Every structure is written in structure tokens, then in C-alpha cells.
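In what follows, a single structure is set out as C-alpha cells and then discussed.
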Amino acid sequence: GLVVVGAGLSKTLFGDPELDAARWPGGGTSISDLGDLSGPASVSFARGVSETGSIIVGEGDSSSGNQGWWWASAGGLQALPGVAGAMIRSGAQAVSSDGGTVVGFANTSPTGTGTLEAVRWTGAGFTSVSLLGGLLGAPSPSSNALAANSDGTRIVGWARNDVAQDRAFLWDETNDMRELSFVLETEY
């Protein structure tokens, strides 16, 4: 809780306004601009932060399109990889408190940017991309991961079900994605 993240509006005297990802360390005296991805970036948001504040995640404009990113003080803003063969569109929503797992969404379509699926990024530099799938019976895996537990082994978010309704989900490696209400009713 010592680092707050979000976005701040910045504008030069003659330039257009930009919305930039920002970091405010508790007890600090100012907000820090986290920078931008490559290209003519004008919008970025910080969405999540690890327990120590050392890893921050979010999304923003890049030369490739809207893209998820992660930040560390030693390396600055780094783009998260997209799904192989798909057009770039992604967003990082949260990072586990231990800083080892980033969750969010990524596009899976090679021809458009509207087929979004829940994803987790792990490994050194968050280079390993794992799609989390969809709810059982859903015609396509439309989903978004919103949070992870402390070590990234359990992930929650929303997903479309078989009748096109958005439902809360719980994901883990053993059980994959399950509707949260089902888990609560059967296990608790």
C-alpha cells in the first residue's frame, strides 16, 4: 500500500494533452511519469502494482497498437508480448503481490483486434504468454483476467458463458476456468 498507480494528464505549452501512466510513492512529494511505449504514444494507464511497488502493470498506445506493459525501476516501461500470430491488442490489469505473474487480456485473432481472452504472463521479463480459455460451453473464449492471488496460482475475472452473459470466473492450473458461482456452490 505504499505505492499508488494510475494516470495523470500532462500538457506542454504548445503540445496536445497526454494521459500518462503515473506512480506516486507514499510519503513522496511528487507523481512520477512512467514513460511511454514506442511510437506516437499519447495515452497510457497504470492498472496494478506488486506488494513492494517494484513492478507496475498497465496498458497504453504503442507503434503496434494498444498494448499491455510492465514497469520496473531498473528497466522502465516494457511491452508485454502478444499472442503468436494475432494482431496486437492487450492490457495488463493486475500483478500478483510477489511480482511474478501479470494478468489481463490479449487479442487472439490474426485478422482483427476484437477477440479478447484472459491471459497471464510469467517468467523472466514476463515473456511466457498463457491463454486462460473460456467458460465451459461458451462459443468462444471471451474473457478478461482482473486479479491474481499472491503467487499467481489463482486468477479471477469475467468471462462470457454459453448464453452470452458475463460471469465471474476462478482459474487455476488444476481446474482451468470455472464460473465462480459454481465453485462457491459446490466447494464452499
Q) Out of segment 8-36, which residues are at pLDDT 85 or above and buried (at least 20 other Cβ atoms within 10 Å of the Cβ)? A) ASP20, ALA21, ALA22, ARG23, LEU34
Q: Can you give me the number of residues within segment 150-166 that are more than 16 Å from GLN93 (Cα to Cα) and either of a type in the set (Phe, Trp, Tyr) or open to solvent by less than 20 Å² (accessible area, probe 1.4 Å) (or both)?
A: 1
Q: Only one of these is farther than 29 Å from LEU132 by Cα, in contact (Cβ under 8 Å) with a residue 40 or more places away in the chain and not β-branched (Val, Ile, Thr): LEU2, LEU37, LEU19, LEU77. Name it.
A: LEU2
Q | Selection count where residues are on the phi < 0 side of the Ramachandran plot, crowded, with 18+ Cβ neighbours inside 10 Å and either within 15 Å of the chain's Cα centre (by Cα) or at pLDDT 95 or above (or both), scope segment 109-128 | A | 6
Q) Within the set of pairs 6 or more residues apart or between chains, which connect a residue that is under 17 Å from LEU131 (Cβ atoms) and assigned to a strand (DSSP E or B) inside segment 97-115 to a residue that is open to solvent by 10 Å² or more (accessible area, probe 1.4 Å) and charged (D, E, K, R) with Cβ atoms less than 6 Å apart? A) VAL103/ARG120; ASN107/ARG89
Q: Filter segment 167-188 down to residues that are within 20 Å of the chain's Cα centre (by Cα) and open to solvent by 90 Å² or more (accessible area, probe 1.4 Å), then give me how many there are.
A: 1
Q) Identify, please: which residue in segment 135-149 is modelled with pLDDT of 95 or more and open to solvent by less than 70 Å² (accessible area, probe 1.4 Å) and is, among those, farthest from GLN165 (Cα to Cα)? A) ASN149
Q: Please work out if PRO81 is farther than 24 Å from LEU180 by Cα, of a type outside the set (A, V, I, L, M) and either more than 14 Å from the chain's Cα centre (by Cα) or surrounded by 24 or more Cβ atoms within 10 Å (Cβ to Cβ) (or both).
A: no
(Q) Which count do you get for residues in segment 51-78 that are of a type in the set (Asp, Glu) and either open to solvent by 30 Å² or more (accessible area, probe 1.4 Å) or in contact with a Pro (Cβ under 6 Å, 6 or more places away or on another chain) (or both)? (A) 2
Q) Of all residues in segment 127-163, how many are among the aliphatic types (A, V, I, L, M) and more than 27 Å from GLY99 (Cβ to Cβ)? A) 4
Q) Which residues, counting only those in segment 85-94, are closer than 9 Å to ARG47 by Cβ and either of a type outside the set (A, V, I, L, M) or open to solvent by 10 Å² or more (accessible area, probe 1.4 Å) (or both)? A) GLY91, GLN93, ALA94
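The values are calculated or read from the model by the stated rules, or taken from the named source; none is laboratory data. Keep in mind that this is a model prediction, so the values were computed, not measured. Neighbour counts run over all protein chains shown; Cβ positions are idealised from the backbone, glycine included. When the accessible area is computed, the model is the full protein with side chains, heavy atoms only, and any ligands, DNA or RNA have been set aside. Shrake-Rupley method; radii C 1.70, N 1.55, O 1.52, S 1.80 Å.
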